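Here the structure is laid out as structure tokens; the discussion comes afterwards.
The values are calculated or read from the model by the stated rules, or taken from the named source; none is laboratory data. It should be emphasised that the depicted structure is a prediction, and the values quoted were computed from it without experimental measurement. Note that we place each Cβ from the backbone using ideal geometry, even for glycine, and neighbour counts take in every protein chain shown.
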Amino acid sequence: MRARDLLHTRPEGLYCPPGDFYIDPVRPVASALITHGHSDHARSGHRSVLATRETLEIMALRYGADFAGTTQAARLGETIDVNGVAVTFHPAGHVLGSAQICVEKDGMRIVASGDYKRRADSTCAPFVPIRCNVFITEATFGLPVFKHPPDSGEIARVLKSAEQFPERAHMIGAYALGKAQRVIKLLREAGYERTIFIHGALAKLCDYYESQGIALGDLQPATVDSGAKTDFAGAIVVGPPSAFADRWARRFPDPVSSFASGWMRIRQRAKQRGVELPLIISDHSDWDELTETITETGAGEVWVTHGREEALVRWCELNGIAASPLHLVGYEDEGD
Amino acid sequence: MNRFAELLDRLVLTPSRNGKLTMMTDYFRTVEDPDRGLALAALTGDLSIAAVKPAMLRMLITERMDPVLFGYSYDYVGDLAETVSLVWPEPDAHLTANSQPTLADVVGALQSASRSDGPKVLVRLLDRADISARYAIIKLVTGGLRIGVSARLAKQALANLGAVDVTEIEELWHGLTPPYTELFAWLEGKTERPEKTAKALFRPVMLSNPVGDGDLEKLDPADYAAEWKWDGIRVQAVCEGGVRRLYSRTGDDISPAFPDLVEAMVFDGALDGELLVGDPVHETGTFSDLQQRLNRKTVTPKMQQSHPVFVRCYDLLQDGTEDLRALPFIERRVRLEAFVAKLDPTRFDLSPLAPFADWAALEDMRRNPPHPVIEGVMLKRRDSPYLAGRPKGPWFKWKRDPFTVDAVLMYAQRGHGKRSSFYSDYTFGVWSGPEGGEELVPVGKAYFGFTDEELRQIDKYVRDNTIERFGPVRSVRADRKQGLVLEVAFEGLNRSTRHKSGVAMRFPRISRLRWDKPTAEADRIETLQALLD
């Protein structure tokens with residue numbers, strides 16, 4: 001079977017004709033396989049959804065219990081037959097519940113990895129490289145300039161700054177699913193035991209992570225009870241990045257604006273967002289991890305999706321691996 | 001080195017002027033000589049290090065990585081120093097562990113390197129540095145830190161350190177050299193103010209404010225003299241005791257690029273004027289002619305022949321040993337006229353006054369200037385002394401209105417650096433061809449003039465209406481029925497053989513988004529062609 005007969009792009013997303021399903025479709029379809037719960041990959045309104053239990057539960061939290069007609073939970077490593085196509089979910093290390101989806105038929109095996117990262121993250125299962133004929137990789141940080149430093153050093157900078165400026169609130173922007181919980185977990189692992197204040201948009205997902213056995217310590221809503229700004233002096237506040245540009249942020253004393261994201265590697269990116277304390281903490285692979293992963297899968301062909309496709313395609317060419325961009329639309333450039 | 005690298009990192013990310021000042025002042029207060037003085041020189045652009053050209057830097061990095069991947073990286077990051085600092089191969093841990101060089105070590109190594117050794121020394125430094133230090137080192141050797149700090153702001157930080165006025169520092173500045181130990185000693189109150197021993201120092205320039213709505217109604221025309229606003233660059237020509245210097249309006253010494261003019265600076269005094277190309281009597285060249293002479297360190301004899309420069313004089317600040325700046329404008333003007341009369345007439349002339357009866361008459365003069373290299377009028381209060389900076393009231397500039405055209409957005413390109421997540425560079429076109437067979441022909445490209453909010457709106461429009469993608473460029477739906485009309489303002493139009501449309505705009509910018517305007521009603525190429533004739 002030719003790879004493109006097993007999976008190819010349609011306006012709705014990546015489509016498997018023999019299995020008659022889509023992977024991470026951007027429009028409502030009859031049958032959807034979903035890699036992880038981020039909203040650009042996991043949308044509501046599909047007739048049936050196959051995903052990991054955690055991803056299904058996260059979708060239900062975000063969209064309501066009726067987010068799809070029917071759902072089926074995929075267990076990691078277990079193969080499911082979908083109209084004669086063997087489908088297996090493997091951990092992707094991106095966020096809780098995230099998975100790569102391996103589809104196989106007639107000796108052709110394609111792994112759609114969704115979003116993935118390689119470094120340790122105690123809030124989700126680690127990525128497992130799967131040998132395959134075709135590896136579909138994301139390219140969010142697909143440029144050699146992206147080198148994520150160790151998380152511990154980044155977290156140490158926040159803690160140092162919080163000591164240096166005890167009168168200011170430290171506002172860490174972090175996406176609600178995955179990044180926020182990881183940043184909180186990293187703070188705890190670095191020995192930070194004080195209450196961490198969170199924006200309301202994080203509450204449900206933090207509770208969910210807790211319910212899955214991921215301890216996040218004492219979290220309190222960042223609401224103003226007494227009306228005094230000094231309540232948050234020296235505090236660490238975690239919220240979605242968009243909230244910090246909002247009037248919501250005015251309740252905090254002289255905030256130090258921080259943002260936990262792989263994009264923070266680029267000075268001008270930090271500058272553009274008005275970030276004073278950039279934290280290079282990413283849920284995606286950096287350049288070296290992307291290229292190492294491609295090598296580890298042993299794939300003879302690589303398809304590159306959302307991000308900076310051209311550089312990764314070039315790297316593959318230089319290394320004798322056939323590669324092409326998939327030009328999928330609808331996935332956020334920015335979601336880290 | 002780490003403190004300096006950290007300062008650069010923080011300065012880049014600190015938007016507020018006050019924040020930057022605080023960081024610089026703190027740095028100057030807490031870092032020792034000579035590092036702080038070298039940092040100061042780096043910030044003001046006065047650190048002389050045999051420059052490593054950007055081309056050399058590219059060569060060094062492309063010897064170490066695939067040039068195509070480097071190209072993508074540079075295109076994305078938008079800053080050569082940052083790109084190279086990020087993609088440079090990481091050092092072995094044992095090299096960085098026990099040797100953290102000071103800024104003086106780094107500068108010393110670079111300064112003692114011969115021209116041919118420069119790249120080798122640079123490589124040795126980069127191979128031992130982490131990303132942040134690599135960035136700082138590259139910024140040093142490529143010259144021009146471009147981190148949002150002007151020399152003036154750095155001088156302001158010094159002024160804050162010593163609680164003195166910044167003009168005191170500007171006046172002293174060209175008599176001092178790195179690492180400025182005597183300057184810091186004075187600012188910290190340890191010694192007397194350094195003597196102004198150097199000759200031909202820069203005088204802080206007086207600037208004007210644009211005429212705002214309702215400004216003129218409150219003013220009496222009789223209090224003001226008007227002159228033409230020439231379209232060159234503002235300069236200050238100073239000669240004292242045989243020392244001759246030509247300064248830009250920010251106090252940069254640009255003499256080396258204009259030996260032809262400096263040779264004719266045979267006087268004792270300080271002149272304020274406009275640097276122009278051509279000769280005063282026969283032909284005043286356009287700004288694009290002048291551009292051939294700008295931003296060069298040196299100049300060829302051929303260029304001096306084909307593009308001679310002269311100064312059209314506005315003001316006289318110093319006449320011999322006499323400082324005229326406290327005198328009223330009209331008295332300085334009389335002195336200026338006598339002064340310029342004695343100079344080489346091929347290199348200096350007077351900017352004539354432009355008499356006017358009332359504001360309406362002046363408005364007419366502003367709209368219809370008598371010479372194409374005039375971009376408006378200047379208004380100067382007759383009794384105004386020459387004051388440093390941009391005081392509100394004594395001087396105004398009143399520019400000619402720009403030309404505008406309604407054009408259709410055709411292509412959008414992702415911006416660089418700060419705008420690398422936005423489609424922010426727009427190519428626009430106007431209609432050409434017979435009725436019923438109209439086609440858009442591109443006439444220009446603009447990447448500013450809109451607000452941040454408008455940028456977000458256009459960016460969204462581009463993403464929603466893309467019909468084709470070519471790398472960082474998107475082609476946008478643009479036909480007789482659908483598309484986005486942009487009102488484009490521009491300063492002038494040149495004939496161009498390089499562009500299909502035959503015209504090239506000067507200083508084009510987006511002046512309005514015409515969401516309301518149907519594309520079929522955008523302008524035709526004939527409208528622009530008529531402006532050429």
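Here are some notes:
- Exclusive hit being within 16 Å of A:Ser39 (Cβ to Cβ), buried (at least 18 other Cβ atoms within 10 Å of the Cβ) and in the same structural domain as A:Val128 (by TED's automatic domain parsing), set A:Ala68, A:Ala60, A:Ala74: A:Ala68
- The criterion of at least 2 residues that are β-branched (Val, Ile, Thr) and either more than 30 Å from B:Val52 (Cβ to Cβ) or at pLDDT below 85 (or both) is met, among helices (runs of 4 or more DSSP H) falling completely within segment B:141-196, by B:166-173.
- Identification of strands (runs of 3 or more DSSP E) wholly contained in segment A:1-48 with 2 or more residues that are surrounded by fewer than 15 Cβ atoms within 10 Å (Cβ to Cβ) yields A:8-10.
- Residue among B:Gly436, B:Gly376, B:Gly415 that is assigned by TED's automatic domain parsing to the domain that holds B:Lys481, surrounded by 17 or more Cβ atoms within 10 Å (Cβ to Cβ) and either more than 25 Å from B:Asn209 (Cα to Cα) or within 30 Å of the chain's Cα centre (by Cα) (or both): B:Gly415
- The C-beta contact set for segment B:505-518 (first residue closer than 13 Å to B:Phe448 by Cβ, second residue of a type in the set (A, V, I, L, M), distance under 6 angstrom, 6+ apart or interchain) comprises B:Pro508/B:Ala446; B:Pro508/B:Val488; B:Arg509/B:Ala446; B:Arg509/B:Ala489; B:Ile510/B:Ala446; B:Ile510/B:Leu486; B:Ser511/B:Ala489.
The rows are residues; the columns are (1) loosely packed, with under 12 Cβ neighbours inside 10 Å; (2) over 29 Å from the mean Cα position of the chain (by Cα); (3) closer than 21 Å to B:Lys229 by Cα.
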{"residue": "B:Thr298", "(1), (2), (3)": "yes, no, no"}
{"residue": "B:Tyr314", "(1), (2), (3)": "no, no, yes"}
{"residue": "B:Leu327", "(1), (2), (3)": "no, yes, no"}
{"residue": "B:Glu331", "(1), (2), (3)": "no, yes, yes"}
{"residue": "B:Glu337", "(1), (2), (3)": "no, yes, yes"}
{"residue": "B:Val340", "(1), (2), (3)": "no, no, yes"}
{"residue": "B:Pro352", "(1), (2), (3)": "yes, no, yes"}
{"residue": "B:Phe356", "(1), (2), (3)": "no, yes, yes"}
{"residue": "B:Met365", "(1), (2), (3)": "no, no, yes"}
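- Out of B:Gly143, B:Gly175, B:Gly148, sole residue that is over 28 Å from B:Arg244 (Cα atoms), of a type outside the set (A, V, I, L, M) and surrounded by fewer than 22 Cβ atoms within 10 Å (Cβ to Cβ): B:Gly148
- Qualifying residues in segment A:261-309 (those that are at the interface with another protein chain (Cβ under 8 Å from one of its Cβ atoms), touching a strand residue (DSSP E or B) at 6+ places or on another chain (Cβ under 8 Å) and part of a loop (DSSP other than H, G, I, E, B)) - the one surrounded by the most Cβ atoms within 10 Å (Cβ to Cβ): A:Val275
- Within segment B:183-207, tally of residues that are closer than 24 Å to B:Arg325 by Cβ and either among the aromatic types (Phe, Trp, Tyr) or surrounded by fewer than 18 Cβ atoms within 10 Å (Cβ to Cβ) (or both): 10
- Within the span defined as segment B:476-487, every residue fails to be within 26 Å of the chain's Cα centre (by Cα), away from chain A (no Cβ under 14 Å), part of a loop (DSSP other than H, G, I, E, B) and of a type outside the set (S, T, N, Q).
- Those residues of segment B:379-394 which are touching a helix residue (DSSP H, G or I) at 6+ places or on another chain (Cβ under 9 Å) and either buried (at least 16 other Cβ atoms within 10 Å of the Cβ) or not in a strand (DSSP E or B) (or both), in sequence order: B:Leu379, B:Lys380, B:Arg381, B:Arg382, B:Asp383, B:Ser384, B:Pro385, B:Tyr386, B:Ala388, B:Pro394
- For segment B:488-533, the set of residues classified as β-branched (Val, Ile, Thr) and either touching a strand residue (DSSP E or B) at 6+ places or on another chain (Cβ under 9 Å) or assigned to a helix (DSSP H, G or I) (or both) consists of B:Val488, B:Val503, B:Ile510, B:Thr519, B:Ile525, B:Thr527, listed by residue number.
- The combined condition, being surrounded by fewer than 17 Cβ atoms within 10 Å (Cβ to Cβ) and either in contact (Cβ under 8 Å) with a residue 24 or more places away in the chain or outside the structural domain of A:Thr295 (by TED's automatic domain parsing) (or both), is fulfilled by A:Glu193.
- Residues that are without any contact (Cβ under 8 Å) to a residue 60 or more places away in the chain and either buried (at least 20 other Cβ atoms within 10 Å of the Cβ) or farther than 14 Å from B:Ala200 by Cβ (or both), drawn from segment B:242-253: B:Leu246, B:Tyr247, B:Ser248, B:Arg249
- Segment B:226-240 - residue that is touching a Lys or Arg at 6+ places or on another chain (Cβ under 6 Å) and closer than 17 Å to B:Leu172 by Cα and, of those, modelled with the highest pLDDT: B:Val238
- Condition check for A:Ala139: among the small types (Gly, Ala, Ser) and within 14 Å of chain B (Cβ to nearest Cβ): yes
- Lone unmet requirement of (1) more than 14 Å from chain B (Cβ to nearest Cβ); (2) in contact (Cβ under 8 Å) with a residue 24 or more places away in the chain; (3) within 19 Å of the chain's Cα centre (by Cα) for A:Asn133: (3)
- Residue within segment A:242-258 that is within 13 Å of chain B (Cβ to nearest Cβ), under 19 Å from A:Gly153 (Cβ atoms) and touching a Leu at 6+ places or on another chain (Cβ under 9 Å) present: yes
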